[in-house]
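The values are calculated or read from the model by the stated rules, or taken from the named source; none is laboratory data. If you're wondering where the values come from, they're calculated on a predicted model, not measured in any experiment. In this analysis, Cβ positions are derived from the backbone assuming ideal geometry, glycine residues included, and neighbour counts consider all displayed protein chains.
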Amino acid sequence: MTSRRVQKAAEAIREVVSMAILADLKDPRVEGVTVTFVEVSPDMRSAKVHVSIMGDETAQKLCLQGLTSSAGFLQQKIARRIDTRYTPRISFVIDMGVKKSIALAKMLHDLLPDEIPPDEPAGPTVD
């Protein structure tokens, strides 16, 4: 179970990284990125930033390389926001949850009929 302090730090890191990706990063490889959540180690020396990247596998790899190369810049942003002895070293992990849920919704849509027939009466009706 993580402490409240670690959870607050994880939320602050998520906010800082997502805003910096949107507003401050100029790398053309980094686009279509959503920061889903952040895992911070109990000693707060490392943080895994889970990101959802839209596009095919090649675009995802390029975007992940761009994010990894900008990790130092993002750590500076984090250091300004949270006041701790150590600034967490961030690493990026692709979160496939969003893509899997979209694929599952598509499969369900293909399997289920578009229209649901109206309910018929259960038994004989007495007039």
Quick one: in the range 10-51, which of the residues that are assigned to a loop (DSSP other than H, G, I, E, B), more than 16 Å from GLY97 (Cα to Cα) and not charged (D, E, K, R) is nearest to the chain's Cα centre (by Cα)? VAL30
Residue set LYS61, LYS77, LYS99; condition basic (Lys, Arg) and at pLDDT below 90; output residue LYS99
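Which residues, taken from the range 52-89, are part of a loop (DSSP other than H, G, I, E, B) and of a type in the set (Phe, Trp, Tyr)? Show your work before the answer.
Of the range 52-89, the ones part of a loop (DSSP other than H, G, I, E, B) are 54-56, 70, 82-88.
TYR86, the sole residue that qualifies.
From the residues in the range 23-57 that are among the basic types (Lys, Arg) and surrounded by 15 or more Cβ atoms within 10 Å (Cβ to Cβ), which one is nearest to ILE82 (Cα to Cα)?
Step one: filter the range 23-57 for residues among the basic types (Lys, Arg), giving 26, 29, 45, 48.
Narrowing the set further to residues that are surrounded by 15 or more Cβ atoms within 10 Å (Cβ to Cβ) leaves 29, 48.
Details: ARG29: 27, LYS48: 16 Å.
Taking the candidates together, the pick is LYS48.
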What are the residue pairs meeting all of these: first residue in the range 62-83, first residue in contact (Cβ under 8 Å) with a residue 12 or more places away in the chain and farther than 19 Å from GLU11 by Cα, second residue among the acidic types (Asp, Glu) and outside any helix (DSSP H, G or I), Cβ atoms under 8 Å, and 6 or more apart or on different chains? CYS63/GLU31; GLY66/ASP27; SER69/ASP27; SER70/ASP27
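For the range 97-114, give me each residue that is of a type in the set (A, V, I, L, M, F, W, C) and touching a residue at least 40 places away in the same chain (Cβ under 8 Å). Break it down stepwise before answering.
Just the residues of the range 97-114 that are of a type in the set (A, V, I, L, M, F, W, C), to begin with: 98, 102-105, 107-108, 111-112.
Residue satisfying the conditions is VAL98 alone.
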